[in-house]
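Beneath this line is the structure, given in structure tokens, with notes to follow.
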Amino acid sequence: MTMTDAALTRIADALDRLSPPPAPAPSFAEAEAYVWHTAPDRLEPVRRVARVPLDQLVGIDRARDTLLANTLQFARGHAANNALLWGARGMGKSSLVKAVHAESVARGLPLVLVEISRDDLDSVGRLLAILGDSDRRFVLFADDLSFSSDDAQYKSLKAVLDGGLAGRPPNVVLYATSNRRHLMPRDMIDNERATAIHPGEAIEEKVSLSDRFGLWLGFHACGQDEYLAMIDGYCAAYGLEIDPDRLRAEAIEWQATRGARSGRVAWQFFTDLAGREGLAV
């Protein structure tokens, strides 16, 4: 081997290390859920999904029933909509997506959950090509989406929805969660309206992204009765017996120190209570 050949070989090896080849597509038989990673492209199986049973999600009955029905009909091979779950923090948006997936699998339906992070949205076309070649059906899950006014990542998301020549594979549906109904801050929308020559057109492209979801499911902050019902449900599910008056007083004190009520706050209180009572969760 000449010196030139050796140098070219070292350069090629260095390039392989910088940009390793994508991993082969999995069979999707080893797990019910996967996480998409890049550099190199690969689907990493999740052996144990962190989720809450569907019947423990209190105060979101309408959203629960709507998303479950949509998911079951998709898993059975029928038409279904992409879904945007938006609204208050800690009210079970992500938990609901994982719970309806678990319920579908429990009913014997071959549904796979694939999570993609917001930072990897520009690679979604490559992911769709992999999923589209499989005979499984997939819920593509994008959690906690939001975009700033100068963010171009939202354009990649359109490939999962309606955009592009190829469009979304028929065996893939997208469920996304966001604290914002239009996936971008309200003040940015108002600012672009105020400064644009054609205010209606200035933000149409960004706002229309949320319009591409067939289902909009809103989540709102819960009241005290719902908050306490969530905690009662956790106590019943884990067999924790406690004086009702004490439970109520401590639960109300806990949410007062947090300055908010939500499903997340209810679970945090129950976790603390269970630990003090010697219970593992």
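Odds and ends about this structure:
- Here Leu96 meets the list (1) surrounded by fewer than 21 Cβ atoms within 10 Å (Cβ to Cβ); (2) over 23 Å from Ala39 (Cβ atoms) almost entirely, failing just condition (1).
- Verdict on Glu103 being over 20 Å from Ser262 (Cα atoms) and assigned to a strand (DSSP E or B): no
- Here segment 250-268 is the region considered, the condition is being in a helix (DSSP H, G or I) and without any contact (Cβ under 8 Å) to a residue 12 or more places away in the chain, and the residue that is nearest to Cys235 (Cα to Cα) is Glu253.
- Where a residue in segment 161-188 is at pLDDT 80 or above and its partner, wherever it lies, is open to solvent by less than 20 Å² (accessible area, probe 1.4 Å) and assigned to a loop (DSSP other than H, G, I, E, B), with Cβ under 6 Å and at least six apart: Arg168/Val160; Val173/Asn82; Leu174/Asn82; Leu174/Val160; Ala176/Leu145; Ser178/Leu145
The values are calculated or read from the model by the stated rules, or taken from the named source; none is laboratory data. Given the structure is predicted, the values throughout are model-derived calculations rather than measurements. Every residue, glycine among them, receives a Cβ derived from its backbone with ideal geometry; neighbour counts consider all protein chains shown. Quick note on the areas: whole protein, heavy atoms, side chains included, nothing else; ligands and nucleic acids left out. Shrake-Rupley method; radii C 1.70, N 1.55, O 1.52, S 1.80 Å.
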